[in-house]
Amino acid sequence: MQILGVALVTGENNCAVEDNCFSNYNSGATYSANEDCEFLVVGISGQLLFKRLGVGTGDHLTIGGEEYSGSTQPETALFVSGADEMSWHSNSDSQLGIGFEICILYSCPTTCSPGSGCLLATTTLTSTLSCEACPVGKHSGTSDGASAPLEAT
């Protein structure tokens, strides 16, 4: 089974993925020089939410063929879909920033089932399962509501 969300294809130092987010964030410190990473969107699509963006001179984040640096977020909304690639490069310069943390705002499909991206929950009035919310990168395939990584079916 394939995990849906964002995958770290290659990466050095602080590059990371968690659920539908990708980053090079280093717990409030600056990122490292000479970082190179590639991220891949796997099976989902949505708008990018920039939670943090502070990229030093000469360093760049590439999304959809466009390079981004500095701390100014893109003026227009950016969208990604399955198989889109993003890359990150920091040079050996001493002007390092705080890095970036970006999430894909993923929408629940209209049907709720294991692997759909929706959380299944038992209601207090009935024993049937109903769509409750769409937590990023989680779903439940069990009747007790336990969460598991979002997987392709």
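Can you say whether GLN95 is touching a Phe, Trp or Tyr at 6+ places or on another chain (Cβ under 9 Å), more than 14 Å from VAL41 (Cβ to Cβ), open to solvent by 50 Å² or more (accessible area, probe 1.4 Å) and at pLDDT below 90, as far as the supplied structure shows? No, not satisfied.
Restricting attention to segment 47-62, the residues that are over 17 Å from ASN91 (Cα atoms) and in contact with a Phe, Trp or Tyr (Cβ under 9 Å, 6 or more places away or on another chain) total 5.
When the residues of segment 74-92 are filtered to those that are hydroxyl-bearing (Ser, Thr, Tyr) and closer than 20 Å to VAL6 by Cα, the one that is modelled with the lowest pLDDT is SER81.
Is it true that SER87 is at negative phi, in a loop (DSSP other than H, G, I, E, B) and open to solvent by less than 70 Å² (accessible area, probe 1.4 Å)? Criteria not met by SER87. Checking each residue in segment 43-52 for being aliphatic (A, V, I, L, M), in a strand (DSSP E or B) and open to solvent by less than 20 Å² (accessible area, probe 1.4 Å) picks out only LEU48.
Determine, yes or no, whether SER23 is touching a His at 6+ places or on another chain (Cβ under 6 Å) and surrounded by 14 or more Cβ atoms within 10 Å (Cβ to Cβ). Step through it out loud before you land on a result.
On the way: touching a His at 6+ places or on another chain (Cβ under 6 Å): no; surrounded by 14 or more Cβ atoms within 10 Å (Cβ to Cβ): yes.
Considered against the rule, which asks whether it is touching a His at 6+ places or on another chain (Cβ under 6 Å) and surrounded by 14 or more Cβ atoms within 10 Å (Cβ to Cβ), SER23 comes out as no.
Taking residues in segment 62-74 that are of a type in the set (D, E, K, R), and partners anywhere that are open to solvent by less than 90 Å² (accessible area, probe 1.4 Å), the pairs with Cβ atoms closer than 9 Å and at least 6 places apart or on different chains are GLU66/PRO74; GLU66/LEU78; GLU67/HIS60; GLU67/LEU61.
Restricting attention to segment 26-37, and to residues there that are in a strand (DSSP E or B) and in contact with a Gly (Cβ under 7 Å, 6 or more places away or on another chain), which single residue is most open to solvent (accessible area, probe 1.4 Å)?
ASN26
Taking the numbered list (1) open to solvent by less than 40 Å² (accessible area, probe 1.4 Å); (2) at pLDDT 85 or above; (3) not polar (S, T, N, Q) in turn, LEU105 passes all entries but (1).
Being assigned to a strand (DSSP E or B) and more than 19 Å from GLY56 (Cα to Cα) is the filter; apply it to segment 67-84 and report the residue that is least open to solvent (accessible area, probe 1.4 Å). Let's see the steps before the verdict.
Going residue by residue through segment 67-84, those that are assigned to a strand (DSSP E or B) are 67-68, 70, 79-80.
Applying the additional criterion that residues be more than 19 Å from GLY56 (Cα to Cα) yields 79-80.
Working: PHE79: 140, VAL80: 9 Å².
Here the answer is VAL80.
Against the condition within 19 Å of the chain's Cα centre (by Cα), open to solvent by 40 Å² or more (accessible area, probe 1.4 Å), on the phi > 0 side of the Ramachandran plot and not β-branched (Val, Ile, Thr), how does GLY58 come out, does it pass? Please lay out each step first, then the result.
Numbers: within 19 Å of the chain's Cα centre (by Cα): no; open to solvent by 40 Å² or more (accessible area, probe 1.4 Å): yes; on the phi > 0 side of the Ramachandran plot: yes; not β-branched (Val, Ile, Thr): yes.
Against the criterion (within 19 Å of the chain's Cα centre (by Cα), open to solvent by 40 Å² or more (accessible area, probe 1.4 Å), on the phi > 0 side of the Ramachandran plot and not β-branched (Val, Ile, Thr)), GLY58 does not qualify.
The values are calculated or read from the model by the stated rules, or taken from the named source; none is laboratory data. All values derive from a computational prediction rather than experimental measurement. Please note: Cβ atoms are built from the backbone with ideal geometry, for glycine as well, and neighbour counts cover all protein chains shown. When the accessible area is computed, the model is the full protein with side chains, heavy atoms only, and any ligands, DNA or RNA have been set aside. Shrake-Rupley method; radii C 1.70, N 1.55, O 1.52, S 1.80 Å.
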